Amino acid sequence: MKTAEIRQKFLSFFESQGHTIVSSSSLVPHDDPTLLFTNAGMNQFKDVFLGFDKRPYSRAVTAQKCVRAGGKHNDLENVGYTARHHTFFEMMGNFSFGDYFKHDAIKFAWEFLTSPQYLNLPKEKLLATVYAEDDEAYDIWLNDIGLPAEKIIRIGDNKGAKYASDNFWTMGDTGPCGPCSEIFFDHGEEIWGGPPGSPEEDGDRFIEIWNNVFMQFNRDESGEMHLLPKPSVDTGMGLERITAVLQHVHSNYEIDLFVDLLKAAARETGVPYNQETPSLKVIADHIRACSFLIADGVLPSNEGRGYVLRRIIRRAVRHGYKLGQNKPFFHKLVADLANIMGDAYPELRERQDLITEQLRLEETRFAQTLETGMGLLEQALADNQKVLAGEVIFKLYDTYGFPYDLTADICREREIELDEEGFNREMEAQRARARSAKSFKANVQLEYEGADSAFKGYTDTTAQAKIL
Ligand code: ATP
Ligand code: MG
Ligand code: MG
Ligand code: MG
């Protein structure tokens, strides 16, 4: 079953269970300054859960574009290292707004995953977690679904504080919150990793495919929990992860959609196609995040969302360089992506020219300093250095346009540590220079404005910092 077919099956299944199909919202959250990018299906329904917004339906189903490359959820550092994390991914979700609760949510998930009419997954490879104190969910899995007790794992309060564990979801310090029940698939003992809650849970053997959040309480300012009169459900299933399971592959990067992108990345970087090459995976991942972000109106810049986008583009370009491609190549993958995902997301085709051009410009800009910057870095590491000096990290950042995390990405590959404190000291020194430049400017301006109104002072603080 192809990715597109699985996406459609999910939507149709929940539609047949009375859910309204709602389109994905933009990756740029509207009216929510607390959120960098849309990172879950529930984001667009936040006000519905809070009771501020009413919809003509009480059940909804979506395929939501998500980016986790900053803010509370940041999976950027996982890309290329785990089989299951992307910066951009699609989260399939079903939602109940004060309608059904735990019993139906678990029943729907189980039916969709295991019924021969839908995904027909082998039941013995599935496990579920519940929140440690959630006996209700535990009983549903055990008695209504018939999952053996050893496959139901209570995840408690592992960080010491009450309700601090992964299995208790909160929207913020106050507001709706509640226990989760996550569903895992066992990819088999030849892969390293342990079940959730075990010391090896970070491995890739047991992969979380679906999270069910039961919004049961409202937490007030004093931290006290009150039962919600009409509890709700929010779920999220990773489309790429479930597709990997159905296509009998272990890694998300081996599914149909990614194989096509990896091939395109190999073609444009001029290396042989190989599913194991981490740099190809990074490039295939990043072209999705960058294209979808630009399609939703984000442009590369030096701050906020635009800077996250710039960092992702530069990381991709550096991985291309690592493979031996020092000419602009990244933008050429936009056409492939539009072919692969344009039916589900028409904005990719509608804005294909804009996306291509923005990426081409950004790549060309970075190409001017990448090689020299890499030269500086190699030189600094020439004598088997184990730590990269703060001054070098800063120079790469300030003169050659290497964001800190880009340098960190290179150093991680070579097991070299970064002198982060030294870098921060340099940053602070630069800020101080900029501040004194500003007061210098103010003084000069006063003097000059008195004598000659033509001088209006410097306008660019970084230029001033360099002049001083
Ligand atoms: P993990 O523990 O594997 O990082 P999570 O608990 O952070 O996942 P949730 O916030 O529960 O993930 O999101 C719901 C679902 O979305 C997950 O069960 C998973 O299938 C999918 N998902 C989450 N993060 C990613 C990602 N970075 N790339 C691909 N799929 C993801
Ligand atoms: Mg995560
Ligand atoms: Mg998890
Ligand atoms: Mg989860």
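The values are calculated or read from the model by the stated rules, or taken from the named source; none is laboratory data. As the structure is a prediction and not an experimental result, all values here were calculated from the model. Backbone-built Cβ (ideal geometry, glycine too); neighbour counts: all protein chains shown. Only protein heavy atoms, including side chains, enter the accessible area calculation; ligands, DNA and RNA are left aside. Shrake-Rupley method; radii C 1.70, N 1.55, O 1.52, S 1.80 Å.
Whole number in Å², please: accessible area per residue of region 55-94, 1.4 Å probe, ligands, DNA and RNA not counted.
Details: 1230 Å² over 40 residues.
Here the residues of region 55-94 average 31 Å² of exposed surface.
Taken about its Cα centre, the chain carries a charge dipole of roughly 1240 debye when the Cβ of each Lys and Arg holds +1 and the Cβ of each Asp and Glu holds -1. For Phe330, the shell of other residues with beta-carbons less than 11 Å away shows a net charge of +3, using +1 for Lys and Arg and -1 for Asp and Glu.
Taken about its Cα centre, region 169-280 carries a charge dipole of roughly 360 debye when the Cβ of each Lys and Arg holds +1 and the Cβ of each Asp and Glu holds -1.
The alpha carbons of region 15-135 give a radius of gyration and a Dmax of 16.2, 44 Å, in that order.
Between His226 and Ile191, the contour length at 0.36 nm per residue exceeds the alpha carbon distance by 8.3 nm. Taken over the Cα atoms of region 174-319, the convex hull encloses 182 Å³ per residue. Pop out the carbon and sulfur fraction of the accessible area of the chain as a percent, whole number, probe 1.4 Å. Using a 1.4 Å probe with all protein chains present, the chain comes out at 48 percent carbon and sulfur.
Given 4 °C and 1.567 mPa s, how large is the Stokes-Einstein diffusion coefficient of the chain in µm²/s, with Rh as the Kirkwood radius over Cα pairs?
Value of D from the Cα-based Kirkwood radius: 53 µm²/s.
Distance from the Cα centroid of region 84-143 to that of region 380-404 is 47 Å (rounded to whole angstrom). Taking all C-alpha pairs of region 348-432, those more than 15 Å from each other amount to 62 percent. Between 0 and 90 degrees, the angle of helix 304-322 with respect to the longest Cα principal axis of the chain falls at about 80 degrees.
Size check on region 253-313: the Cα extents along the three principal axes, sorted descending, read 36, 19, 16 Å. Put simply, the C-alpha atoms of region 171-250 give a gyration tensor, and the ellipsoid matching it has half-axes of 33, 15, 8 Å, longest first.
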